[in-house]
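Working notes for the structure below.
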Amino acid sequence: MNKLILSLLTVFFWSSTIAQSVVTYAGKPHDDYETYYESSSNLDLLSSYFSSPEGICIDSSGNMYISEKNKIRLINNNKVHIRAGSLQKPSFAEGYKNGTGTQTTFRNPCGMVCDSDGNVYVADVDNHCIRKIAKYVNLGNGQVVSTFAGANPTVGLPGYGTSGSTDGKTTAARFNKPMGIAMDIDGYFYVTDYDNMTIRKISPTGDVSTLSGKALSEGFSDGKSTDARFGAPWGVAIYNDNHIVVSDPWNTNIRKINIYSGETSTLAGPTNGSDSRQVDGTLSDARFKSPKGIAVVNGIVYVADQNTIRAIDEANNKVSTFAGNIDNFEIIDGSGKSASFTELSGLITDNLGNLYATENSQLINSHVIRKITINNLAPVADFKSSKTSLLVNELTTLTDLSSGQEVTSRTWEINPQTYEISQGDLSSKTLDIKFTVAGFYSITLNITNEYGTDSKVVKDYIAVSTTGNVTKLTNSDALIVYPNPVYDELFVDFNEYFVGNKAVLSLHTIDGHFIQNIEVSKRVSVSHLPNGVYLVLLKSDNTHIVKRIIIHHK
């Protein structure tokens, strides 16, 4: 069975109060892609003009490729370089010519994907084909551009591609404005064939087949393979081992497709045609305006929806606005809804906790690359106490250290309930508390945010006594106590290597009162003690270990 690349994040340690941050990564904003274009390389990230940037991908070496109006740019070592396509202004640069570097031509390239060897595959929209750019070696070596699938160029210059809907091998296949492209771990490609209204699948050797939809049959129905209908499929990303996700801006929804059977369903948005709004809610209640670029990070589907980034969490039946403000069409860096975008197009993840999006509005200052840093969305409960070994009525502070999106509700549970709160309450992030009765206290923290619920429970987390020096180290292998529960006789031993030779063993009540000393490696009679919970204390110059025992006479 083919297995797909599931985009995974590394473990993050960001603040739980900041869900995401948006910055302008590359490009000088402008509103005229024909006038503001580059014909030179080695430019600083924020000093380079982009001309209607569309697709974006990152190879295994960290090189970023960006498709723009008839050119392919490369970001390497924080510099922007032209690697393929004519150096002329956009309207004069279009064509269909294979070759090396800037001797080649494209016609409105869009989606891109990199394979494990560093080769780049480009959906060359108006040439109706998939182009291949050889891997980057160094700036002095030109990258060879060839046709991977779809018709070869027509004879003469500037050359044109040939549209169609034919399945077949490499250049015998035909596409009709291929828009987005994704690739699985076995080298299979998935292409959104925009004007054919289908999803195509390409084998590593170039065999093209139709995975879902029927050529030139527009619609919005789900179903098996050729029974499914699309309006205008745009972006595509690997979702899990068995599915891809596709944005369908004409139907204003996100589709989910089995990569083996072609079975298609609506993941989020309307199932009965266009409903062009930006509305958060459940998967079925949510609405999209103009979904295009799509990326998957840690099971969450991110969608470039006109001027916002939306997040789809299928497991929790939730669609939310992750970044951007639906009322603003401008370039504003910031966090969450304080950030703003213009017109979004391409979207990718670097698998390091970041999304990158292209913007290309033709009406306002735009044509830039934005970087969105993702925080873990799902809640992960965690806490600490400023002190875990206390005297009765001694103050300690419990602090919520949970990660994920900002918490919407929080509840502390403390057992037994013999305590007093000095500051805060059981829903506070920090809680000053003292315990009025000696014993061991278990702490539970329950948290909820818009992406789910999580809990952390630590039994016997805090040890409270009347004498102090009761440290909760019940998992230490240095102190051996058995049986537990004990009926009549208790056996105690310890590892001198870890503890030291000057160790003293003693038996105490649960509130820390001394009962008697214990001789190591000898049985101790407890038949005279009433049933209950007691403490065995091991104390030396550098060690203090307590284990709790239960005496239960038959």
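Quick check: anything in region 243-255 polar (S, T, N, Q), at positive phi and open to solvent by 10 Å² or more (accessible area, probe 1.4 Å)? No - not one qualifying residue is present in region 243-255. LEU283 passes every criterion in (1) outside any strand (DSSP E or B); (2) under 20 Å from LYS371 (Cβ atoms); (3) among the hydrophobic types (A, V, I, L, M, F, W, C) apart from (2). Filtered by the rule that a residue be acidic (Asp, Glu) and more than 19 Å from the chain's Cα centre (by Cα), region 335-378 gives GLU343, GLU359.
Within the option set SER409, SER422, being free of Cβ contacts under 8 Å to residues at least 60 places away in the same chain, out of contact with any Phe, Trp or Tyr (no Cβ under 9 Å at 6 or more places or on another chain), open to solvent by 50 Å² or more (accessible area, probe 1.4 Å) and more than 30 Å from GLY353 (Cα to Cα) holds for one residue only, SER422. Just the residues that are surrounded by fewer than 23 Cβ atoms within 10 Å (Cβ to Cβ) and either in contact with a helix residue (DSSP H, G or I) (Cβ under 6 Å, 6 or more places away or on another chain) or not charged (D, E, K, R) (or both), please, taken from region 174-200. Of everything in region 174-200, those that are surrounded by fewer than 23 Cβ atoms within 10 Å (Cβ to Cβ) and either in contact with a helix residue (DSSP H, G or I) (Cβ under 6 Å, 6 or more places away or on another chain) or not charged (D, E, K, R) (or both) turn out to be ASN176, LYS177, MET183, ILE185, GLY187, TYR188. When each of VAL80, VAL22 is tested for being in contact (Cβ under 8 Å) with a residue 12 or more places away in the chain, at negative phi and out of contact with any Leu (no Cβ under 6 Å at 6 or more places or on another chain), the lone residue that passes is VAL22. If you filter region 366-395 down to residues that are among the basic types (Lys, Arg) and within 30 Å of GLY293 (Cα to Cα), you find that the one that is most open to solvent (accessible area, probe 1.4 Å) is LYS371. Taking region 326-424 as the region of interest, the strands (runs of 3 or more DSSP E) fully inside it that hold 1 or more residues being farther than 16 Å from LEU445 by Cα are 344-349, 354-359, 369-374, 389-391, 395-400, 419-423. With respect to (1) small (Gly, Ala, Ser); (2) in contact with a strand residue (DSSP E or B) (Cβ under 7 Å, 6 or more places away or on another chain); (3) open to solvent by less than 20 Å² (accessible area, probe 1.4 Å), the lone exception for GLY142 is condition (3).
Among the conditions (1) part of a strand (DSSP E or B); (2) within 16 Å of ASP248 (Cα to Cα), SER209 misses just one, which is (2). Within region 290-304, the set of residues being in a strand (DSSP E or B), touching a Leu at 6+ places or on another chain (Cβ under 8 Å) and either more than 7 Å from LEU344 (Cβ to Cβ) or of a type in the set (Ser, Thr, Tyr) (or both) comprises ILE294, ALA295, VAL296, VAL297, ILE300, VAL301, TYR302, VAL303. Taking (1) over 19 Å from GLU54 (Cβ atoms); (2) outside any strand (DSSP E or B); (3) modelled with pLDDT of 95 or more in turn, ARG277 satisfies each apart from (3). Looking across region 137-165, the residues that are assigned to a loop (DSSP other than H, G, I, E, B), touching a residue at least 24 places away in the same chain (Cβ under 8 Å) and more than 19 Å from GLY85 (Cβ to Cβ) come down to THR162, GLY164, SER165.
Here is a check on your reading of the model: is LEU398 at pLDDT 90 or above, over 30 Å from PRO29 (Cβ atoms) and crowded, with 16+ Cβ neighbours inside 10 Å? For LEU398, the condition - at pLDDT 90 or above, over 30 Å from PRO29 (Cβ atoms) and crowded, with 16+ Cβ neighbours inside 10 Å - is met.
The values are calculated or read from the model by the stated rules, or taken from the named source; none is laboratory data. Just so you know, these numbers come straight off a predicted model, no measurement behind them. Note that each Cβ is placed from the backbone with ideal geometry, even for glycine, and that neighbours are counted across all protein chains shown. For the accessible areas, the whole protein counts, side chains as well, though only heavy atoms, and no ligand, DNA or RNA atoms are used. Shrake-Rupley method; radii C 1.70, N 1.55, O 1.52, S 1.80 Å.
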